[in-house]
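The values are calculated or read from the model by the stated rules, or taken from the named source; none is laboratory data. Predicted, not measured: the structure shown is a model, and the values here were computed from it. For neighbour counting, all protein chains shown are included, and Cβ atoms are generated from backbone atoms with ideal geometry for every residue, glycine included.
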């Protein structure tokens, strides 16, 4: 059963069972409205429990046994997973973007995480897992989503500007000059959600991290200052990551001679080869 | 020269063993059924399309020894669909000089631009006019003027007069004639009836390029 400590209720297994009962409402809706989602609801609920409890267990162990190489190894695993997930979210793009996505997330993730934990939060030791891992998680999660949006936008925008790109290259534009308007619009598209969440913070929504800190018993004013750092760090990271990713990838749609590879010149199999998780997803769909 | 394209995903050789030679100041009309590869041939000449085999020579120098951008400054393609970039008519005419390849080169004065606009009967369209207020025929003429101003050695026109009224088409023809007089070699893909400007006519059909009587 739950115990009260300093006004904060700690959650025991009994409380978790009660929370799980909330999903009965979702199951009831699925049954009554014939949504046909019973399997998904059960699977998602079980996954939620397993994944987050496993994460808590692993983090508890890591916090107790932290060494600099273990923390870096975990960061590397997080970066690789983020790159993999981002690559499945980018459709209509040339194949072979994964190395560029990994590199963008790697550079942004490491430099931004260490800058925030070292210069602003002054974590001791510098690899203090209790701070470094959650901060890296926020940076990578947001950069990953923003990068997927930006890359999707980049290649869609270039496709819609195919005539303009041909006219520009015919006049002697480099691939970069011909792609520039699309590069700009993609970075803009990646930045908009972050700026919107900054504008809404505190007025429309209490940001998730701040909510968590307040629920865990922290002083709201302290939590607010923490949240400001986090939102600034996220907008800087997403922008840096998008600029890297877009600059590292736009050239894939241009031939070595500098002309744009139009839809008609592409391998129709393009993109179908991409992504371990996509293949994995397809297989599990066909089994269902 | 040989060129492969993709048709419905399959790779097809549209022509093989095609060769042509252009002399300064001549105007060559390129005709042939649609889908025979006229547009692709122009693009290959401007190095805006890959080719399977063959060499391009410019005044005896192989394309291997000329970087693609310098090549395109000399061998200029005017694509089938004319486009303007956001901005004024002046911005559009001076677009080539905003590119790195022509950085620092002298650009035409407003007087020259206005004279050229008058020459293509666009005097009622001022240099300060916003480009998205132009009609299709006006856009085509602005796009051609932009290419004219760069004074290329070879001008490749891909059906630039296809969607134009008679007046705009005449203006386009006059610009081409003026460039040819100054020594530019012009190749025109055309579907309109002959206008008497061409010095030669080539037909591309079933992968074969042949000379045709005018």
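Among the listed residues B:54, B:37, B:87, which satisfies the condition of being touching a residue at least 40 places away in the same chain (Cβ under 8 Å) and touching a helix residue (DSSP H, G or I) at 6+ places or on another chain (Cβ under 7 Å)?
B:87
Among (1) in contact with a helix residue (DSSP H, G or I) (Cβ under 8 Å, 6 or more places away or on another chain); (2) under 22 Å from residue B:93 (Cβ atoms); (3) at pLDDT 90 or above; (4) buried (at least 20 other Cβ atoms within 10 Å of the Cβ), where does residue B:171 come up short?
(3)
Kindly indicate whether residue A:191 is closer than 30 Å to residue A:160 by Cα and either modelled with pLDDT of 85 or more or part of a helix (DSSP H, G or I) (or both).
yes
Yes/no matrix, rows are residues, columns are (1) at pLDDT 85 or above; (2) away from chain B (no Cβ under 14 Å):
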{"site": "A:247", "(1), (2)": "yes, yes"}
{"site": "A:256", "(1), (2)": "yes, no"}
{"site": "A:263", "(1), (2)": "yes, no"}
{"site": "A:267", "(1), (2)": "no, no"}
{"site": "A:272", "(1), (2)": "no, no"}
{"site": "A:287", "(1), (2)": "no, yes"}
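For the stretch B:6-37, which positions are within 14 Å of another protein chain (Cβ to nearest Cβ) and crowded, with 18+ Cβ neighbours inside 10 Å?
B:14, B:37
Among what's in the stretch B:114-138 and is outside any loop (DSSP other than H, G, I, E, B) and surrounded by 18 or more Cβ atoms within 10 Å (Cβ to Cβ), pick the residue that is farthest from the chain's Cα centre (by Cα).
Checking each candidate, the answer is B:131.
For the stretch B:147-168, what are the residues that are part of a helix (DSSP H, G or I) and modelled with pLDDT under 90?
B:166, B:167, B:168 - these are the residues of the stretch B:147-168 that are part of a helix (DSSP H, G or I) and modelled with pLDDT under 90.
For residue B:5, which of the numbered conditions (1) in contact with a helix residue (DSSP H, G or I) (Cβ under 9 Å, 6 or more places away or on another chain); (2) free of Cβ contacts under 8 Å to residues at least 12 places away in the same chain fails to hold?
Just one mismatch for residue B:5, condition (2).
Select, from B:127, B:99, the only residue that is facing chain A (nearest Cβ under 10 Å), over 23 Å from residue B:25 (Cα atoms) and free of Cβ contacts under 8 Å to residues at least 40 places away in the same chain.
Going through B:127, B:99 in turn, the sole match is B:99.
So which of A:72, A:119, A:110 is more than 23 Å from residue A:192 (Cα to Cα) and without any contact (Cβ under 8 Å) to a residue 12 or more places away in the chain?
On inspection, the qualifying residue turns out to be A:119.
Hey, among the residues in the stretch A:160-185 that are surrounded by 24 or more Cβ atoms within 10 Å (Cβ to Cβ) and more than 7 Å from chain B (Cβ to nearest Cβ), which one's nearest to residue A:247 (Cα to Cα)?
Taking the candidates together, the pick is A:179.
Take the residues of the stretch B:72-88 that are in contact with a strand residue (DSSP E or B) (Cβ under 7 Å, 6 or more places away or on another chain) and within 9 Å of chain A (Cβ to nearest Cβ): which is surrounded by the fewest Cβ atoms within 10 Å (Cβ to Cβ)?
B:80
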